[in-house]
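Notes to accompany the following structure.
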Amino acid sequence: MSDTPLGPENDSISGGLPAASLPVPYQSPSLERPEPRRIEDLDHPYSAFPWVDLQLAAHPENAAYGLGIRHVRPYALFVFENWHNLNPLDYFAFYLEDLTFPVAADYVLGSIYPQQFLAIPSEFIPEGEVSSYGRVIRIGSGNESTSPVRTLLIKTDRPGGVDKDPGSPWHTGLVMRVEGFPEGSNIGAGDVVGGLWCLIDLYEHIRQNDVIELSWDGEFVQHTVSPAEAAGPGPIRVFVPKSIIDKGGATWESDPSVSCA
C-alpha cells in the first residue's frame, strides 16, 4: 500500500482504482412529451328529455332551448355523443353557470354505447338563463375537447304560482274577465258582433313567450306573451274572433290556462 497521502489532484482512490471506473447513476435519454392540447371540437351535450326549442319562439330568446320541471326533476339527464378516439377512463364533465367547476362528471367505463350520460340532481341545477358546455380529457395524452358555450333557459316555477284551491276547476292564480261585460254576465253568440276582448291579469312568474290559451266552449284561442306585456302593468288583452264564438255555441265557458313556451 502506498504511504503517499491521496491529494485532491490525484486521479485514483483507495484500492488504486481510477476515478473514471467508478459506477455512475443511470440517466435516461431525454424524452420530450408533447404538452396536452385543448380544442373546441366536442358536440354540445343535450338533454335526454325532449326540450323546448326556443329558436322557434315568437319573440327572440338568448337561450338555444328551454328546460322545465319535467326536464330537471327529480334529476336532469344530459347526453354526450361519443367523441373522437374515445377510450375507457376518459374523463367527461358538464358545466352549468359555473364554467370552472363542473356540476357533474364521470369516467368512461366502456365504448360499446354510442353515447355517454350524466345525471344531475335537481338541487344542483341553477335557474334562469345559464351558460353551459361539455368537456372531455382523454386518458394517457391528457388532450382536452370542449364544446362551444351555449345558453340554456331553465325555468321550474309555474305560471300563476301555486294553485291555492286545487279543488276548483280554475287555477286561482289565473284571473280573467271579458271587456264590456260585468262579472257574472251571460254572453251568447248574439251578444257579440265582431268578437270580444278578454282581459288577463298579470300572473305570478309571467315571462315573454308564455302561451295563454283560452277556450270558448271547447274552441281554443292562443296568445303568446310579448316582452312588453310581461314587463307591463297589465292586463293582457286577448281577442276572441266572432268565428270562434259561432263555433263554440250559445254560451260563454271560459277555461284560461298558461303554458311556458
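The values are calculated or read from the model by the stated rules, or taken from the named source; none is laboratory data. A quick note: this is a predicted structure, and the numbers were derived from the prediction, not measured. Here the Cβ is made from the backbone with ideal geometry for all residues, glycine too, and neighbour counts use every protein chain on show.
The residues of segment 115-139 that are in contact (Cβ under 8 Å) with a residue 12 or more places away in the chain, more than 14 Å from S47 (Cα to Cα) and not in a strand (DSSP E or B), listed by number, are F124, P126, E127, R138, I139.
Filtering segment 90-103 to residues that are within 13 Å of the chain's Cα centre (by Cα) and assigned to a strand (DSSP E or B) leaves F94, Y95, L96.
Screening V175 with (1) in contact with an Asp or Glu (Cβ under 8 Å, 6 or more places away or on another chain); (2) hydrophobic (A, V, I, L, M, F, W, C); (3) closer than 26 Å to Y46 by Cα gives one miss only, at (3).
Contact map, segment 166-177: first residue part of a loop (DSSP other than H, G, I, E, B) and buried (at least 16 other Cβ atoms within 10 Å of the Cβ), second residue of a type in the set (S, T, Y) and at pLDDT 90 or above, Cβ cut-off under 7 Å, separation 6 or more or different chains; pairs are G173/Y203; L174/Y203. Exactly one residue out of A250, A261 is closer than 30 Å to R70 by Cβ, touching a helix residue (DSSP H, G or I) at 6+ places or on another chain (Cβ under 8 Å) and at pLDDT below 90: that is A261.
The residue that is surrounded by the fewest Cβ atoms within 10 Å (Cβ to Cβ), counting only those in segment 103-118 that are in contact with an Asp or Glu (Cβ under 9 Å, 6 or more places away or on another chain) and among the hydrophobic types (A, V, I, L, M, F, W, C), is F117. Taking the stated definitions as given, is D201 among the charged types (D, E, K, R) and within 25 Å of G128 (Cβ to Cβ)? Taking the combined requirement at face value, the residue satisfies it.
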